[in-house]
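Have a look at the structure below before the remarks.
The values are calculated or read from the model by the stated rules, or taken from the named source; none is laboratory data. Fair warning: this is a prediction, and the values are worked out from it, not measured in the lab. In this analysis, Cβ positions are derived from the backbone assuming ideal geometry, glycine residues included, and neighbour counts consider all displayed protein chains. SASA here: full protein model, heavy atoms, side chains in, ligands and nucleic acids out. Shrake-Rupley method; radii C 1.70, N 1.55, O 1.52, S 1.80 Å.
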Amino acid sequence: ARGGADDDGASFDGLLEAMLAVRDEDGRGIDTEKIIDETITALFAAHDTTSNTLSWAMYALSKHRDVQAKVAAEARAALAADHDELDASRLPYARAVINEVLRLFGPVSMLDRVAARDTVVCGVRVPAGTAVAMQLDAVARNAKYWGAQPEAFIPERWQSDDVRARHPFAFAPFSANSRNCIGSRPRPPGV
C-alpha cells in the first residue's frame, strides 16, 4: 500500500511501514517475528502467484494463436498511443485473457473456512465450528456459471455483460469478501 495513512493520519509508504505503525488499544505493536513472517508470506505469495499466472498465460497464448494476435495488436495500439508508458486501462482484452487464465489455472484451488454459525449449505446442515472447504476449480469450471463450454479458454466471456451478473464466488482466484488476498488489487503493470 503506497501513500496510505493510519487512523491518526500518519502516512506510510509500504506494507512494512504500515505493519510497524499498527498499534492495539494498549499501544502495543505487532510482534517483530509476526512482521517478519507476514513480510515473507507477502513476498513469496506475490512472486509465486504472479509467476504462475504469467506462465499459464504464456501457455494459453501459445495454444491459442488467435488470442495471441489480439493481445499483440492491442498492446501495439496502446504503445502507439502513448510511447512513454503502457497504461493497463488501454488493454481490456489482455485483462480478459488474464482473468480467463486465473479462472482456469488459478493460484489457489481450494479455500477453507470455519463456519461461524449453524447454517445449511445445499441442504446439508453445517454446525458452527465445522471446517468447510470450497473447491475453486470445480466452481471455475461449472457450466452453471460459465456457460456451455466451461473448460474452454474463451477470454471474450470477460467482455460481456454476463460478468457482472455472476455470483461473486464464481470467480474467486484470490478468495473474496473480508478474507480476500492482500495482493488481489494491486497487480504488476499489464497483469
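Being out of contact with any helix residue (DSSP H, G or I) (no Cβ under 9 Å at 6 or more places or on another chain) and not small (Gly, Ala, Ser) holds for only one residue in Gln135, Gln149, and it is Gln135.
Please work out if Glu17 is at pLDDT below 85, open to solvent by 50 Å² or more (accessible area, probe 1.4 Å) and outside any loop (DSSP other than H, G, I, E, B). Walk me through how you get there before you give the answer.
Working: at pLDDT below 85: yes; open to solvent by 50 Å² or more (accessible area, probe 1.4 Å): yes; outside any loop (DSSP other than H, G, I, E, B): yes.
Yes; evaluated as a whole, the condition is true for this residue.
For the stretch 150-162, name all the residues that are farther than 11 Å from Asn99 by Cα and either within 15 Å of the chain's Cα centre (by Cα) or open to solvent by less than 90 Å² (accessible area, probe 1.4 Å) (or both).
Pro150, Ala152, Ser160
Please go through the stretch 33-50 and pick out each residue that is of a type in the set (Val, Ile, Thr) and within 13 Å of the chain's Cα centre (by Cα). The answer is Thr49, Thr50. Only one of the listed residues (Leu61, Leu86, Leu111) is assigned to a helix (DSSP H, G or I) and either in contact with a His (Cβ under 6 Å, 6 or more places away or on another chain) or open to solvent by less than 80 Å² (accessible area, probe 1.4 Å) (or both). That residue is Leu61.
Evaluate the stretch 132-140: report whether one residue or more is free of Cβ contacts under 8 Å to residues at least 24 places away in the same chain, closer than 19 Å to Phe171 by Cβ, of a type in the set (A, V, I, L, M) and not in a helix (DSSP H, G or I). Break it down into steps so the answer makes sense when it comes.
Of all residues in the stretch 132-140, those free of Cβ contacts under 8 Å to residues at least 24 places away in the same chain come to 132-133, 138.
This time we only want the ones that are closer than 19 Å to Phe171 by Cβ, so: 133, 138.
Of the ones still in play, those that are also of a type in the set (A, V, I, L, M) are 133, 138.
Filter again for not in a helix (DSSP H, G or I), leaving 133.
Among the residues of the stretch 132-140, at least one is free of Cβ contacts under 8 Å to residues at least 24 places away in the same chain, closer than 19 Å to Phe171 by Cβ, of a type in the set (A, V, I, L, M) and not in a helix (DSSP H, G or I), which makes the answer yes.
I'd like the full set of residues that are among the aliphatic types (A, V, I, L, M), modelled with pLDDT of 95 or more and touching an Asp or Glu at 6+ places or on another chain (Cβ under 8 Å), limited to the stretch 132-168. The answer is Ile154, and nothing else. A search for C-beta distances below 8 Å between a residue of the stretch 81-100 that is farther than 26 Å from Ala140 by Cα and any residue that is part of a helix (DSSP H, G or I) and of a type in the set (Val, Ile, Thr), counting only pairs 6+ apart in sequence or on different chains, returns nothing.
When Gln149, Gln159, Gln68 are checked against the criterion of being more than 27 Å from Ala45 (Cβ to Cβ) and touching a residue at least 60 places away in the same chain (Cβ under 8 Å), a single residue qualifies: Gln159.
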